[in-house]
Every structure is written in structure tokens, then in C-alpha cells.
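Down below is the structure, laid out as C-alpha cells.
The values are calculated or read from the model by the stated rules, or taken from the named source; none is laboratory data. It should be emphasised that the depicted structure is a prediction, and the values quoted were computed from it without experimental measurement. Positions of Cβ are backbone-derived with ideal geometry, glycine not excepted, and every protein chain shown enters the neighbour counts.
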Amino acid sequence: MPRIDFPLATSPDMPAATTVVVIGGGIVGLTAALELAERGIPVVVLEKGRVGLEQSSRNLGWARKMGRAAPDVPLSLASDRLWAGMAERVGCDVGYRQQGIMYLARTEDEMAMHRDWLASVAHLDLDSRLLGQADIDRLVPGGRGKWAGGIHTPSDGRAEPTIAPFAIAAAAMAKGAVIVENCAVRMLSLSAGKVSGVVTERGEIRCDRVLLAGGLWSRRFLGNHGISLPTLPLISSVLRTRPMEGPTEIAVGGPDFSFRKHRDGGYIVTQRGALIAPLSLDHLLIGMRYLGSLSGNRSLLRIRFGGHFLRDLMLARRWNAKSVSPFERVRTMSPEADEGINAEAMRNLTAAWPVFGKAVVEEVWAGMMDITPDSLPVISPVAAIPGLTVASGFSGHGFGTSPAAGRLAADLVTDATPVVDPTPYRLSRLTKSGDAKS
Ligand SMILES: Cc1cc2nc3c(=O)[nH]c(=O)nc-3n(C[C@H](O)[C@H](O)[C@H](O)COP(=O)(O)OP(=O)(O)OC[C@H]3O[C@@H](n4cnc5c(N)ncnc54)[C@H](O)[C@@H]3O)c2cc1C
């Protein structure tokens, strides 16, 4: 996993009661906790491992509007505004810089996808614009790639995943939130069908409301309560280079590589055209629901059958409050980086920008993402369990939108006016019978 650049000390004890329990100390749960604490609402975040160590510190740090489905753009616009004030809000530079993001197209078909996306968001008045080869050569000098074109959004940006979740956690605690690590929530406590608390491995906490922000574990948690949240895992491998002279501050996504500058002057690099799909029982249960999204993306997937399948099979799908839950068995999901895929990323990048031939790899890691069938998150009350709200399924692009996603989740938990229209994120869009129990 990447080196964390922020020391964080959380609480050794948990209170017996609070108003809101947040399950999961990823960036979504933490931004929600910050919001709640700022509103003077007692909140306790319970994290089964260490804060931020699953997806939220392992991601690339891109904060983008570009490429998002039109209904998802308002959340990213709201996040841009919140990222811009984050350093002041949390008292720490979280690395947010609006240096722009660029996607490159090698073929006319890829270029057509960028054109179609731009047309789909024309009503939103974004600063995205199409690029030709000369624009790319000017904005990112020293390249050898021949491009059908590209697309650039100057107001997109980046923040540092090895700082932001931890600084947000520290600020939430300074404003009154309690954060407890190594404390898995086994299940909800219900009274007359409504949330009355949570059962943790260390005992129970009474509360009125629960926000489930458990990332890729939310599906299993809800499944134990008879609620279906369709998400499937995908693994992405990443590397960071030592500080070096690079071609641009813009984050660049090619068809089979991507790079963006790290705050220390190195680069974070991936093979953007390769994601590992680790097969599991869930693929048999809900895989068919992904056929629509697969049609254009099949070539991205490297299907793997093996270790993950068996490890996942051995984790319980049903348990009770007294039994050790899957969340205690896997404190931190930490898949191995795929050296072959990372080597491809460096080869493809160096072919396009030869300066990367001098790059020295400093560290490598991988992260497992939770993908919904339509690639939009679920930020929604769960109608079948009054008092429960879920914010999960961020589908590989939830770091950038986390400030507004956390705010929206806090709004829904407290019945406040939502920061953006929550309709695109409702759970019922993904469940056959609304979000009633399955
Ligand atoms: C390699 C990689 C690259 C990515 N790049 C980008 C990018 O450039 N831009 C972008 O916007 N997004 C990106 N993403 C996606 C982004 O990282 C995620 O969408 C985001 O971090 C999700 O945050 P989260 O809080 O929902 O989940 P997580 O960070 O996974 O946090 C969930 C937490 O809940 C805890 N938990 C779960 N169940 C329980 C329980 N029962 N009790 C207690 N704790 C529990 C887990 O331990 C975990 O810490 C990337 C992801 C990966 C893996």
C-alpha cells in the first residue's frame, strides 16, 4: 500500500450511545462525519481496520467531472467547490490543485466517445473541450504518440489520497466526532424494525441513525440483513515514481496508461486499459446485471479465477451478533499489485512520452473497487430499514466526489435539504422490488 503522509491518532474507546454511527472510515464516511460534527451532531465512526487504508488512500487522486454520466456531474461540481475550501476547512493542504485532466484517443472510435460525452453534458456548461494533435503536443510537450485527438477539462484536478482522508478524519475529531479503529460493526440493532444501534466486536452502541459507508463490504453487510446492494469488485494496480522532470502538471489518461504528478514531484502511473476482475460467487449471483456496462469495456478486464474466489467463499454471508463477522477476518483488503500490468503501464507511457524512460519506480500497490451495474454510487436511505442510509458503490471514481457525497449522505441522514438532487443515487434503481427486503 502507498506510504501514508499523515500521522493520525484515533480514540481507544467508544461511547455507549450517540446520534449517528458511521460504519466505515473511508473518505466517504469521514467527509460525512466531518459534516455532521460541523453541524453539532454527535457522530461515531467505526472502522474495522485502520482509517483510509482500503480504497481511499490507494486511489490516483483524480477529481474530475470529465467522463462522468451527466446526472453525476452536479455532485462533482459541488465537490470542486468543497475541495477548493478543504485546506482551510481541515487546516491542512490536502494537495488539491485544479491543474486539469486530459484524455487521449488513439482511434476515431475513442474520439467519438469523447464527442458523445461532450454532447451529453452540453447543457451543464463545463469547460471541457476537444483537442487535436497540435493541442496535445503544446499542452504535454515531448510526446511521440500519434493521437486521433483528446479532450481536456482545465478545471478538473487532483488531491492527495495519502493525506486527504487522514486530514479530514483529524478535523472531524477536532470538531467533536469520535473515530474508533479496529472495531468492526457486525450488524445493526433493530427495534420494531427500525435502527436502534449497532453491534460491534466490542459491544453495542445505541444510536438513532446509521450511515453505512463500508465500500466494497457494504454489499455483504446489507446481505446479512436481507438487502441486496449489487456491487462487484475490480482491482487496479498502481505505481509511483521517484521525483523527476515530467512533461506537464495536467493529469493525462491514455487508452493504456495514465499519469499524474504527485506532490513530491514524482508521478502516479497506471495501465488505464487493464483492470483485474477477480471472480467470486457474486459474479454468478449478479454478474448478468453488468452485461450492459460490459459491452463497451470488455477489453479492459483481465478475468482471474483463483485465490480471491476461495478466500471470498470462506467468508460468511450470514452471521449473527455473537459470531465473528467477515469484517473482523479481513481488517484491510489489500490485493497484490500486478507487476506485469504495471510494467505494461510504464512501457506504454514511455512509448508515448519517452522522458518516462528515466523514471525510477518508488512503490507499487493495488486497490479493490466496488462497482455498481450503472457505475453510479448508492447514496440513499434504505426504505426497508428506517434509520439506515447507505453511501457505497462509488465504482472507481468516488475520491473526487467524496466531499459532496459525504455532505449528501449527512443531509440524508439528518433530513436536511440535499446538496444536490439525490435521485440518481437512490438504492431502488438497482433493486428489483424497490429497496424492500430481498
Ligand atoms: C487503485 C484505485 C484508483 C482509483 N482512482 C480514483 C481516482 O483517481 N479518482 C476517484 O475519484 N476515485 C478513484 N478511485 C475510487 C476511490 O478510491 C473510491 O471510490 C473511494 O475511495 C471510496 O471511498 P469509500 O469511503 O466509499 O470506501 P473505502 O475507502 O473502501 O472505505 C470503506 C471503509 O469501510 C470499512 N468497513 C467496511 N465494513 C465495515 C464494518 N462492517 N465495520 C467497520 N468498518 C467497515 C473498510 O475497512 C474501509 O476502510 C480509485 C480506487 C482505486 C482502488
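Which one is farthest from residue 351 (Cα to Cα) among residues in segment 114-154 that are touching a residue at least 60 places away in the same chain (Cβ under 8 Å) and touching a strand residue (DSSP E or B) at 6+ places or on another chain (Cβ under 9 Å)?
Filtering segment 114-154 for residues touching a residue at least 60 places away in the same chain (Cβ under 8 Å) gives 126, 128, 139-145, 151-153.
Cutting the leftovers down to touching a strand residue (DSSP E or B) at 6+ places or on another chain (Cβ under 9 Å) gives us 126, 128, 139-140, 145, 151-153.
On the way: 126: 31, 128: 26, 139: 18, 140: 14, 145: 7, 151: 20, 152: 21, 153: 24 Å.
The qualifying residue farthest from residue 351 (Cα to Cα) is 126.
Yes or no, residue by residue, for (1) surrounded by fewer than 21 Cβ atoms within 10 Å (Cβ to Cβ); (2) among the charged types (D, E, K, R):
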| site | (1), (2) |
| --- | --- |
| 315 | yes, no |
| 329 | yes, yes |
| 336 | yes, yes |
| 392 | no, no |
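Name every residue in segment 350-393 that is assigned to a strand (DSSP E or B), more than 11 Å from the ligand (Cβ to nearest atom) and either over 16 Å from residue 257 (Cα atoms) or not β-branched (Val, Ile, Thr) (or both), in order of residue number.
362, 363, 380, 381, 388, 389
So which pairs qualify, if the first residue must be in segment 362-378 and touching a residue at least 12 places away in the same chain (Cβ under 8 Å) and on the phi > 0 side of the Ramachandran plot, the second must be near the ligand (Cβ under 10 Å from one of its atoms) and among the small types (Gly, Ala, Ser), the Cβ gap must be under 9 Å, and the two must be at least 6 apart or on different chains?
Qualifying pairs under 9 Å: 375/393; 375/395; 375/396.
Is it true that some residue in segment 394-406 is within 17 Å of residue 221 (Cβ to Cβ), within 10 Å of the ligand (Cβ to nearest atom) and assigned to a strand (DSSP E or B)?
There is no residue in segment 394-406 that is within 17 Å of residue 221 (Cβ to Cβ), within 10 Å of the ligand (Cβ to nearest atom) and assigned to a strand (DSSP E or B).
Considering only residues of segment 213-225 that are touching a strand residue (DSSP E or B) at 6+ places or on another chain (Cβ under 9 Å) and within 9 Å of the ligand (Cβ to nearest atom), which is nearest to residue 390 (Cα to Cα)? Lay out the reasoning, then the answer.
Let us first name the residues in segment 213-225 that are touching a strand residue (DSSP E or B) at 6+ places or on another chain (Cβ under 9 Å), namely 213-219, 221-222, 224-225.
Next cut, within 9 Å of the ligand (Cβ to nearest atom) only: 213-218, 221.
Working: 213: 6, 214: 9, 215: 10, 216: 12, 217: 12, 218: 8, 221: 11 Å.
My answer is 213.
Looking only at residues that are of a type in the set (A, V, I, L, M) and assigned to a loop (DSSP other than H, G, I, E, B) in segment 176-212, which one is farthest from the ligand (Cβ to nearest atom)? Quick ask: steps written out before the conclusion?
Here is the first cut: in segment 176-212, the residues of a type in the set (A, V, I, L, M) are 177-180, 184-185, 187-188, 190, 192, 195, 198-199, 205, 210-212.
Checking which are assigned to a loop (DSSP other than H, G, I, E, B) leaves us with 177, 184, 192.
Working: 177: 15, 184: 4, 192: 23 Å.
Going through the qualifying residues, I end up with 192.
Which of the numbered conditions does residue 375 fail, given that it passes all the others? Conditions: (1) farther than 18 Å from residue 272 by Cα; (2) touching a helix residue (DSSP H, G or I) at 6+ places or on another chain (Cβ under 7 Å).
All conditions are met except number (1).
Which number in (1) within 16 Å of the ligand (Cβ to nearest atom); (2) closer than 25 Å to residue 26 by Cα; (3) in a helix (DSSP H, G or I) marks the one condition that residue 334 misses?
Residue 334 satisfies all of (1) within 16 Å of the ligand (Cβ to nearest atom); (2) closer than 25 Å to residue 26 by Cα; (3) in a helix (DSSP H, G or I) except (3).
Of the residues 67, 40, 85, which is within 11 Å of the ligand (Cβ to nearest atom) and not aliphatic (A, V, I, L, M)? Step through it out loud before you land on a result.
Working: 40 fails: within 11 Å of the ligand (Cβ to nearest atom); 85 fails: within 11 Å of the ligand (Cβ to nearest atom).
Answer to the selection: 67.
Given the criterion in contact with a strand residue (DSSP E or B) (Cβ under 7 Å, 6 or more places away or on another chain), surrounded by fewer than 21 Cβ atoms within 10 Å (Cβ to Cβ) and at pLDDT 95 or above, identify the matching residue among 199, 210, 238, 252.
Details: 210 fails: surrounded by fewer than 21 Cβ atoms within 10 Å (Cβ to Cβ); 238 fails: surrounded by fewer than 21 Cβ atoms within 10 Å (Cβ to Cβ); 252 fails: surrounded by fewer than 21 Cβ atoms within 10 Å (Cβ to Cβ).
Testing whether each residue is in contact with a strand residue (DSSP E or B) (Cβ under 7 Å, 6 or more places away or on another chain), surrounded by fewer than 21 Cβ atoms within 10 Å (Cβ to Cβ) and at pLDDT 95 or above leaves just 199.
Starting from segment 288-306, keep only residues that are in a loop (DSSP other than H, G, I, E, B), then list their pairs with residues that are of a type outside the set (Val, Ile, Thr) and modelled with pLDDT of 90 or more whose Cβ atoms are within a distance under 7 Å, requiring at least 6 positions of separation or different chains.
Once the first residue is in a loop (DSSP other than H, G, I, E, B) and sits in segment 288-306, its partners that are of a type outside the set (Val, Ile, Thr) and modelled with pLDDT of 90 or more give 305/279.
Among the residues of segment 228-249 satisfying the criterion of being part of a loop (DSSP other than H, G, I, E, B) and within 14 Å of the ligand (Cβ to nearest atom), which is farthest from the chain's Cα centre (by Cα)?
Narrowing segment 228-249 to residues part of a loop (DSSP other than H, G, I, E, B): 228-231, 242-249.
Still in the running and within 14 Å of the ligand (Cβ to nearest atom): 229, 231.
On the way: 229: 16, 231: 13 Å.
Per the stated criteria, the residue is 229.
Could you say whether any residue in segment 259-279 is touching a residue at least 24 places away in the same chain (Cβ under 8 Å), under 26 Å from residue 3 (Cβ atoms) and away from the ligand (no atom under 14 Å from the Cβ)?
Yes, the conditions are met somewhere in segment 259-279.
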